[in-house]
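Reading through the structure tokens given below for one structure.
The values are calculated or read from the model by the stated rules, or taken from the named source; none is laboratory data. Just so it is clear, the structure is predicted and the values come from calculations on it, not from any experiment. All Cβ positions, glycine included, derive from the backbone under ideal geometry; neighbour counts span all protein chains shown. Note: areas computed on protein heavy atoms with side chains; ligands, DNA, RNA excluded. Shrake-Rupley method; radii C 1.70, N 1.55, O 1.52, S 1.80 Å.
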Protein chains: 2
Amino acid sequence: MNWIEVFGHVGAFMSAVTFMPQVYKVWKTKSVNDLSLTMILIVFLSTIIWLVYAVALMLWPVIIANSIVCFLSILLIYFKFAYEKK
Amino acid sequence: MNWIEVFGHVGAFMSAVTFMPQVYKVWKTKSVNDLSLTMILIVFLSTIIWLVYAVALMLWPVIIANSIVCFLSILLIYFKFAYEKK
């Protein structure tokens, strides 16, 4: 593996874990009012697009990273509706 | 352009605009307490990693998308420190 591939794998790993601290924070605080639902929906839709693309090309790191982000975005959508204060 | 490439471009576009609604929401509400700083820092660092990777391979859609997200993550870091309520 050359250094460019290493950067690609590190980037894919970091993209996969991006929303973990946000899910953890919401789970602890039960507070979601400052989160943009539009952002979360774009994240969810973009993971679906990336999954179609990556499955077609059998890009396993992209498939794995986007599956994780897709799952986390579904959690955030659920939290957004469950914990939003009027 | 075949349909797989179209999905790749749509995915890159959606990833680039992901944080725009969040930046807009924070700019309107001046409220950032529910946002995870760890998430924003991971986003910022991952765009730097992806930029090194994409410049090395001259992947223009990845370079453009990550430049936009990098700029938006710097804005969110600034907002997080400027508007955080103790």
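A few points about this structure:
- Residue in the range B:73-80 that is crowded, with 20+ Cβ neighbours inside 10 Å and within 11 Å of the chain's Cα centre (by Cα) present: yes
- Residue ID - nearest to the chain's Cα centre (by Cα), chosen from residues in the range A:32-41 that are open to solvent by 40 Å² or more (accessible area, probe 1.4 Å) and more than 7 Å from chain B (Cβ to nearest Cβ): A:L41
- Per this entry, B:V52 is not counted among residues that are closer than 20 Å to A:L37 by Cβ and at the interface with chain A (Cβ under 10 Å from one of its Cβ atoms).
- Residues within the range A:41-81 that are within 22 Å of B:F19 (Cα to Cα) and small (G, A, S), tallied: 4
- Single residue of the range A:11-31 satisfying the filter (in contact with a helix residue (DSSP H, G or I) (Cβ under 7 Å, 6 or more places away or on another chain) and open to solvent by 60 Å² or more (accessible area, probe 1.4 Å)) that is farthest from the other protein chains (Cβ to nearest Cβ): A:K30
- A count restricted to the range B:18-47 and to residues that are in contact (Cβ under 8 Å) with a residue 24 or more places away in the chain and not polar (S, T, N, Q) stands at 13.
- Within the range A:42-72, tally of residues that are more than 20 Å from B:V10 (Cβ to Cβ) and open to solvent by less than 30 Å² (accessible area, probe 1.4 Å): 1
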